[in-house]
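K.L.:
This is the structure, below, for whatever I ask next.
No value in this document is a laboratory result; all are computed from the given coordinates. Source: prediction; values computed, not measured. Cβ placement follows ideal geometry from the backbone for every residue including glycine, while neighbour counts extend to all protein chains displayed.
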Amino acid sequence: MNQPLSLAICGCGRIAAAHARELRTMPGVTLCAYWNRPEDFYLAENLMKEFGGQYCTPELADIAGDPTLDGVLVCTMHNDRLRILEAMAKAGKPVLMEKPLAHSPEPLRAMHRLLRQFPILFQSAYKIRFHSLMERARQLIPHPEILCAHVWDGMWPDNHLNQKEIGGGNVRSQGVYGAESLHILAGNRPVAVNAMVRNGRQPSGIEDTLVAVFEFAGGALGTLSVADAGAGPGWVSKFLVEAAGGGGGVALGTRFTQLDYQASPGAPQQTFQGVEDGFRRQTEAFLSALRNGTPSPCDFIQGAIPSIMIEQAIASARAGCRLPIDIEGWLGEVAEPV
């Protein structure tokens with residue numbers, strides 16, 4: 001299980017450093033190479049200085065063409081990701097890509113086309129599904145009837161984070177956490193959405209407030225609210241997810257490290273404390289897939305679903321009506337003839 005692996009990082013900012021810190025604690029893993037855009041190349045140099053490696057480069061071709069590399073972590077801002085994926089997919093390099101995969105429909109669809117043409121091992125870095133307490137919540141309420149998720153934050157700065165193609169804004173960038181939580185706890189794909197959206201405070205004009213109701217296959221309904229109007233107090237914090245069904249209910253908060261459960265009305269409440277372990281466990285899943293030649297448990301389609309939920313919710317708000325959600329159809333996938 002500790003078969004040696006040599007990895008590269010593309011995009012050497014804050015999240016890349018978090019990956020590097022985690023990887024250096026894992027047996028049999030070596031960070032060998034770093035890529036960053038020429039205008040910020042010092043970030044690659046700094047990361048290699050801190051975590052070691054063989055080289056850093058501003059040329060994607062150097063990473064794609066390196067036969068010693070077993071996989072690539074893509075941690076860039078979103079306007080670089082499609083060209084990185086194209087280079088790595090054509091070279092046959094397995095990829096772990098940070099979430100969300102893209103902030104608008106066309107790059108997401110282009111990624112899907114690329115991966116159908118060049119079917120590499122691909123994992124989307126959605127750590128939420130890997131959190132131990134998220135798994136337990138799913139087990140405690142296996143057939144939910146109603147779900148609720150909110151992602152509330154303080155006001156985001158007026159900079160690149162609120163530019164659609166780079167940072168995406170709070171609704172697209174962080175709303176996917178809530179969408180993914182609903183998707184995982186529902187245990188089924190979303191099939192429709194009805195939503196309202198607005199810009200309440202961001203000078204860029206980007207959507208900063210969203211409230212949506214999703215319908216899931218199997219009948220569950222889930223509400224999602226996202227805004228950077230102010231974080232919730234105390235235990236609620238930035239993220240809160242609830243699910244109920246069959247008379248029982250769960251509430252997951254404090255960054256997915258506290259789970260409250262009540263089996264039935266009047267039953268004693270149970271509280272489970274955990275740690276924010278999804279980040280490490282998602283990395284372990286990617287390394288396991290690399291070593292065993294198996295698919296990722298969070299492949300491209302799974303990683304695309306939360307973004308499609310958000311984009312279709314925004315489209316529903318603009319259309320003023322309920323819209324269906326067809327994942328493969330939205331991605332432009334044509335069914336094979338029978």
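K.L.:
Given contacts defined as C-alpha pairs under 8 Å and at least six residues apart, what's the relative contact order of the stretch 168-311, whole-number percent?
P.N.:
20
K.L.:
Counting pairs on different chains as well as pairs 8 or more places apart, how many Lys pairs in the chain have Cα atoms under 24 Å apart?
P.N.:
8
K.L.:
Right, next: Semi-axes, largest first, in whole Å: what does sqrt of 5 times each Cα gyration tensor eigenvalue give for the stretch 130-275?
P.N.:
Sorted largest first and rounded, they come to 28, 17, 12 Å.
K.L.:
Another question, then. Compute the distance from the alpha-carbon center of the stretch 12-84 to that of the stretch 106-174, in whole Å.
P.N.:
Centre-to-centre distance over Cα atoms comes out at 22 Å.
K.L.:
Got a sec? How would ASP277, ASP153 order by Cβ neighbour count within 10 Å, fewest to most?
P.N.:
ASP277, ASP153
K.L.:
Another question about this same structure. Based on Cβ point charges of +1 for Lys and Arg and -1 for Asp and Glu, what charge dipole magnitude is obtained for the stretch 160-224 about its Cα centre, in debye rounded to the nearest 20?
P.N.:
Charge dipole of the stretch 160-224: 80 debye, to the nearest 20.
K.L.:
Which residue fluctuates most in the GNM of the chain (Cα springs below 10 Å): VAL72, VAL29, VAL151?
P.N.:
VAL29
K.L.:
Using +1 at the Cβ of each Lys and Arg and -1 at the Cβ of each Asp and Glu in the chain, identify which of GLY247, ALA212, ALA231 lies farthest towards the dipole's positive end.
P.N.:
Projecting each Cα onto the dipole axis, the largest value belongs to GLY247.
K.L.:
Something else now. In percent, what relative contact order does the chain have, based on Cα pairs under 8 Å that are 6 or more apart in sequence?
P.N.:
Value for the chain: 18 percent.
K.L.:
Still on this structure: Just want the answer: with Cβ charges of +1 for Lys and Arg and -1 for Asp and Glu, which residue in LEU69, ILE184, MET111 is farthest toward the dipole's positive end in the stretch 58-210?
P.N.:
ILE184
K.L.:
Using only DSSP helix segments of four residues or longer, with each worth -39500 (n - 2.57), what per-residue ellipticity at 222 nm results for the chain after dividing by its residue count and rounding to 500?
P.N.:
About -10500 deg cm²/dmol.
K.L.:
Using the crude model of +1 on Lys and Arg Cβ and -1 on Asp and Glu Cβ, and no other charge, please compute the dipole size for the chain relative to its Cα centre, in debye to 20.
P.N.:
Using Cβ point charges on Lys, Arg, Asp and Glu, the chain gives about 240 debye.
K.L.:
How would ARG21, ARG81 line up from fewest to most surrounding beta-carbon atoms within 10 angstrom?
P.N.:
So the ranking, lowest neighbour count to highest, is ARG21, ARG81.
K.L.:
Looking at the P(r) of the stretch 239-338, how many percent of alpha-carbon pairs lie beyond 23 Å?
P.N.:
58
K.L.:
Moving on to the next point. How far, in degrees from 0 to 90, does helix 300-319 lean away from the longest principal axis of the Cα atoms of the chain, to the nearest 10?
P.N.:
50
K.L.:
Only counting other Cβ atoms within 10 Å, I'd like HIS160, HIS112 sorted with the fewest neighbours first.
P.N.:
HIS160, HIS112
K.L.:
Here is a further query. Based on Cβ point charges of +1 for Lys and Arg and -1 for Asp and Glu, what charge dipole magnitude is obtained for the stretch 161-278 about its Cα centre, in debye rounded to the nearest 20?
P.N.:
200
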